[in-house]
Amino acid sequence: MNHLSSLIFAICSILSIKTFSQTQRIYINNGCNFSAYTEQDEYYANHPSDSANIILNEILSLADIPDGNFIFKSANVGNALATESDGKRYILYSSVFLSKIKEDSKSKWAVYSLLAHEIAHHVLGHNLSEKDPKRRKELELQADEYSGRILNTLCASKEDAIAAISTMDNNEPGKLYPPWEARKEAVFDGWIEKQEDWHSKGGHPCESGKIMDLTFGNKYKHNRAKNIRAELMEQQMKITYDAFPKSGHTVCETFIVSAKNVRLSPQSLTWENEKTKYGENQTVIWHFAKDGYTKEQVEKPEELGITVFQKNKTPVPVHISNYFVWGTGVLTSTALIGQSFNLRRKALEDYEVYRVNTNPNDPIWEEINRAEYYNGVDRKYVRSQYLLLAGGTAFGICSYFFTKKIGANKQHNLGNLYSSRRTHIYLEPIFMAGVLPLANIKMAF
């Protein structure tokens, strides 16, 4: 029995030694205890809990704060404390305080706000021994503003950020600490500053964009873009698409297209892939805020799209030179056809003379042989037919190519194509008259 008691005592002693060896006694004479100054100079620190470590690492990771600047410990502090001891920086937190806050779901962000504030003191290199009230209050407000920036980065709303610090304003601040209302303002200012910073870079990463299918590009016959989806955020639209070529084609032209009636001009574009190459998961970002549009103005999935064309299939505006060439061709062919009709009329009149005067000895045939006269009339008639054929062919070819050009671009009035700032194609409506039929062309009598 005595041996058993001795064994139990020995085991308990060993466990006690191990347990006490995990506890660290820290002596300090400075620090920030978040809500009030403390005169306490001795703390007992232990390893932080896994849940506290997870929160800390999340803050450090998402806020891009390098670790190793301080030691994180659980200790007998009021809430949290940033301090220095023996040349080392510490953040001490109260497990009891954190557990009480975490029980209240509406103050979930208070834990992050609390630790972010203490982290800020170390990251900003504050002198935690500062005893001048004016300077100390400035340091506290700087840490509060910094915590507001961190909370924004961690996806807390501004209401969450204010609610977080509001859960801890039930204590009267000490002489070294600003009023709670001033601290709330500092947190709010930090949150707003970070929000504006994100938006200047194109949008907050925590803002879940609305996913839309952009369908307007489907109206284009030769469009090679498929699976077009857009993520609409506060100041930008991220568009992804697939583009597959026909066999033998490797070069393409890619555009954002908008319907004419919506008056949208996507010009501030960032192409994350080469826009002259085909491929899967292609991406282009439209920074519509830079072009002066709001999120509501561009939320038009039926009137926006992506078009990918083979090099020779891209719709282009019909240039005035096309009208000049077509007009010249029409005038030339008309002149040829008119000349052919005039020559044919004369040939028919001459043929009537030949037909009526059948007697070869008739005085009318004294200067020219009747057979030679017929051959001349026949050549004149044939020449008129050649002119008619040439004019008709010229008119047909001219009209065919112009009609083909218009036909290939008959979707010109659908919308406008954009590929970059000040580089866009306006496709204006064109009226095209019908092609006149050509008939009754013969080459001889």
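The values are calculated or read from the model by the stated rules, or taken from the named source; none is laboratory data. Keep in mind the model is a prediction, meaning the values are calculated, not measured. Methodologically, a virtual Cβ is constructed for each residue, glycine included, from the backbone with ideal geometry; neighbour enumeration extends over all protein chains shown.
Pick out the one residue from Tyr323, Tyr351 that is in contact (Cβ under 8 Å) with a residue 60 or more places away in the chain, farther than 18 Å from Lys219 by Cα, out of contact with any Pro (no Cβ under 6 Å at 6 or more places or on another chain) and in a helix (DSSP H, G or I).
After ruling out the rest, the residue left standing is Tyr351.
Looking at Tyr386, Tyr426, Tyr400, which is the one that is at pLDDT below 85 and assigned by TED's automatic domain parsing to the domain that holds Asp350?
Residue meeting the stated conditions: Tyr400.
Which of the residues spanning the range 214-228 are aliphatic (A, V, I, L, M) and within 12 Å of Leu304 (Cα to Cα)?
Passing the criteria: Leu214, Ile228.
State the number of residues belonging to the range 89-111 that are at pLDDT 85 or above and out of contact with any strand residue (DSSP E or B) (no Cβ under 6 Å at 6 or more places or on another chain).
Final tally of qualifying residues: 2.
Here's a check for you: in the range 123-139, which residue that is part of a helix (DSSP H, G or I) and not charged (D, E, K, R) is surrounded by the fewest Cβ atoms within 10 Å (Cβ to Cβ)?
Among those that are part of a helix (DSSP H, G or I) and not charged (D, E, K, R), it is Pro133.
Among residues belonging to the range 71-92 that are outside any strand (DSSP E or B) and over 44 Å from the mean Cα position of the chain (by Cα), point out the one that is surrounded by the fewest Cβ atoms within 10 Å (Cβ to Cβ).
Gly87
How many residues does the range 277-320 hold that are assigned to a loop (DSSP other than H, G, I, E, B) and free of Cβ contacts under 8 Å to residues at least 24 places away in the same chain?
Selection size over the range 277-320: 3.
When only residues in the range 42-70 that are more than 18 Å from Ser113 (Cα to Cα) and either assigned to a strand (DSSP E or B) or among the charged types (D, E, K, R) (or both) count, which is nearest to the chain's Cα centre (by Cα)?
Taking the candidates together, the pick is Asp50.
Which condition does Arg263 not pass, out of (1) surrounded by fewer than 16 Cβ atoms within 10 Å (Cβ to Cβ); (2) on the phi < 0 side of the Ramachandran plot, if it passes all the others?
Tallying (1) surrounded by fewer than 16 Cβ atoms within 10 Å (Cβ to Cβ); (2) on the phi < 0 side of the Ramachandran plot, Arg263 fails exactly one: (2).
Which residue, of Glu231, Glu253, is touching a residue at least 24 places away in the same chain (Cβ under 8 Å) and surrounded by 14 or more Cβ atoms within 10 Å (Cβ to Cβ)?
The conditions single out Glu253.
Can you name the number of the only condition in (1) farther than 24 Å from Glu302 by Cβ; (2) touching a residue at least 12 places away in the same chain (Cβ under 8 Å); (3) surrounded by fewer than 14 Cβ atoms within 10 Å (Cβ to Cβ) that Lys221 fails?
In the conditions (1) farther than 24 Å from Glu302 by Cβ; (2) touching a residue at least 12 places away in the same chain (Cβ under 8 Å); (3) surrounded by fewer than 14 Cβ atoms within 10 Å (Cβ to Cβ), Lys221 misses (1) alone.
Yes or no: Ala371 of a type in the set (A, V, I, L, M) and at pLDDT 85 or above?
yes
Is it the case, given these coordinates, that Arg183 is modelled with pLDDT of 85 or more, under 12 Å from the mean Cα position of the chain (by Cα) and either more than 18 Å from Leu154 (Cα to Cα) or not acidic (Asp, Glu) (or both)?
Criteria not met by Arg183.
Restricting to the range 351-368, and then to whatever is of a type outside the set (Val, Ile, Thr) and within 30 Å of Gly338 (Cα to Cα), can you tell me which residue is farthest from the chain's Cα centre (by Cα)?
By that ranking, first place goes to Asn357.
The conditions are (1) over 25 Å from the mean Cα position of the chain (by Cα); (2) farther than 22 Å from Ile397 by Cβ; (3) surrounded by 14 or more Cβ atoms within 10 Å (Cβ to Cβ), and Gly305 fails exactly one of them. Which is it?
Condition (1) is where Gly305 drops out.
Which of the strands (runs of 3 or more DSSP E) found entirely inside the range 140-251 contain at least 3 residues meeting this: of a type outside the set (S, T, N, Q) and out of contact with any Lys or Arg (no Cβ under 9 Å at 6 or more places or on another chain)?
Of the strands (runs of 3 or more DSSP E) lying wholly inside the range 140-251, those with at least 3 residues that are of a type outside the set (S, T, N, Q) and out of contact with any Lys or Arg (no Cβ under 9 Å at 6 or more places or on another chain) span 225-232.
Can you go through Ser157, Ser200, Ser208 and tell me which one is more than 15 Å from the chain's Cα centre (by Cα) and at pLDDT below 85?
When all the criteria are applied, what remains is Ser157.
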